[in-house]
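S.K.: The structure is given below, and queries will be raised subsequently.
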Amino acid sequence: MGEAPNERESRTDSSALNIVQNLERVRARIAAAAAAAGRPAADVTLIAVSKTRPESAVRTALAAGQLRFGENRVQEMAAKFSRLRAEQPDLRLHLIGSLQTNKVRLAVRLADVIETLDRPRLADAIALAIQQEGRTPTLLIEVNVADEPQKSGIPRDAADPFIEACLHRFGPALKGLMGIPPPKENPAPYFAWLAACAHRHGLALLSMGMSADLEAAIAAGATQVRVGTAIFGARP
């Protein structure tokens, strides 16, 4: 037998309440970490990672005042947010997953921030799409901070010349760096390296830190943290 309607409604209500409470906890963590680092909490922007989550979960977060969301796939972003964006014009979308060149034009059309610029060929495709769409999203370069072979991102030893080339090409649209440290290591040295790299190039945005390590990221200077599990719960 299937669930009774009131059982489904109760479960939905509970899930929505969890998201609201989780958002409050994450915001409190951000505020506490910023205070410990001698920084205002407003210096750190929370990106709610909504990849694979249903539209209903995003609506709950929106109702709780969350306006920035991160998605891995351009197609999912288009399907999930076309209606929501029309309803909420202040909503902002971050593409945080690896971007294929054949999806770049749609990404430039939809995303307010592309955080995964990581190779010259992708830079070429983004530059062309900007011309075609007449729209320039904010760009972040993803650096593979630990040179892990399974991860995307420009290698550490290639980061400086690539950043310089992209600054020359994109100018003020290139605003920062993004990185993900190895999951089983102390993240602090990797965050510190990325922060120093951004400072060296005069880049203001640092997208680093997730559910498990946002405090260490904020201590190192993160201006954006990308949080999914701590807001929406574990994925099924």
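Every read-out reported here was derived from the displayed coordinates using simple, explicitly stated rules and does not represent laboratory data. The structure displayed is predicted, hence computed values, not measured ones. We place every Cβ from the backbone using ideal geometry, glycine too, and count neighbours over all the protein chains shown.
S.K.: Pulled fully out, how much extra length does the chain show between Ala28 and His201, if you take 0.36 nm times their separation in residues and subtract their Cα-Cα distance?
M.R.: On the way: separation 173, 0.36 × 173 = 62.28 nm, distance 3.12 nm.
Length gained, Ala28 through His201: 59.2 nm.
S.K.: Distance from the Cα centre of segment 112-162 to that of segment 183-221, in angstrom?
M.R.: Rounded to whole Å, the Cα centres lie 18 Å apart.
S.K.: Okay, next question. May I ask for the net charge around Ala111, where only other residues with Cβ less than 10 Å from the Cβ of Ala111 are counted and Lys, Arg are +1 while Asp, Glu are -1?
M.R.: 0
S.K.: Multiply the residue gap between Arg59 and Ser15 by 0.36 nm, knock off their C-alpha separation, and tell me the result in nm, one decimal place.
M.R.: 14.6 nm
S.K.: Taking the chain as a Gaussian network, where each spring joins two C-alpha atoms under 10 Å apart, which residue of Ala48, Ala217, Ala35 fluctuates the most?
M.R.: Ala35
S.K.: If you don't mind, there's one more thing I want to ask. Taking a point 7 angstrom from the Cα of Arg121 along the C-beta vector, which residues in segment 62-102 have backbone N less than 12 Å away?
M.R.: Flagged as within label range: 100-102.
S.K.: Given a cut-off of under 8 Å on Cα pairs at least six residues apart, what relative contact order in percent is computed for segment 5-232?
M.R.: Details: 384 pairs, mean separation 45.4, N = 228.
Over segment 5-232, the number comes to 20 percent.
S.K.: Taking the Cβ-Cβ separation of Ala212 and Asp90 as r and a Förster radius of 22 Å, what is the calculated FRET efficiency to the nearest 0.05? If you can, show how the numbers build up before the last one.
M.R.: Numbers: r = 29 Å, r/R0 = 1.31.
E between Ala212 and Asp90, to the nearest 0.05, is 0.15.
S.K.: Can you sort Met210, Met77 by how many other beta carbons sit within 10 Å, fewest first?
M.R.: Working: Met210 19, Met77 25.
Listed from fewest to most nearby Cβ atoms, that is Met210, Met77.
S.K.: Still on this structure, please answer the following. Taking the simple approach of a point 7 Å from Cα along Cα-to-Cβ for both Asp43 and Asp147, what is their distance in nm?
M.R.: 3.1 nm
S.K.: How big is the antiparallel share of DSSP beta bridges in the chain, given as a percent to the nearest 5?
M.R.: Given both bridge residues lie in the chain, the antiparallel proportion sits at roughly 0 percent.
S.K.: Expected output is a single nm value to one decimal: the length gained when fully extending between Ala78 and Ala234, i.e. 0.36 nm times separation in residues minus the C-alpha distance. What is it?
M.R.: Contour length minus Cα-Cα distance gives 53.8 nm.
S.K.: Highest mean first, what order results for 165-174, 191-200 on Cβ atoms within 10 Å?
M.R.: For the peptides 165-174, 191-200, the packing ranking is 191-200, 165-174.
S.K.: Identify all lysines with a Cα-Cα distance to Lys51 below 22 Å; exclude those on the same chain that are fewer than 8 residues away in sequence.
M.R.: Lys80, Lys103, Lys151
S.K.: So what is the calculated 222 nm ellipticity per residue for the chain, using -39500 (n - 2.57) for each DSSP H run with n of 4 or more, over all residues, to the nearest 500 deg cm²/dmol? Display every interim value, and only then the final one.
M.R.: Values: 9 runs with 115 residues, N = 236.
One gets -15500 deg cm²/dmol as the mean residue ellipticity at 222 nm.
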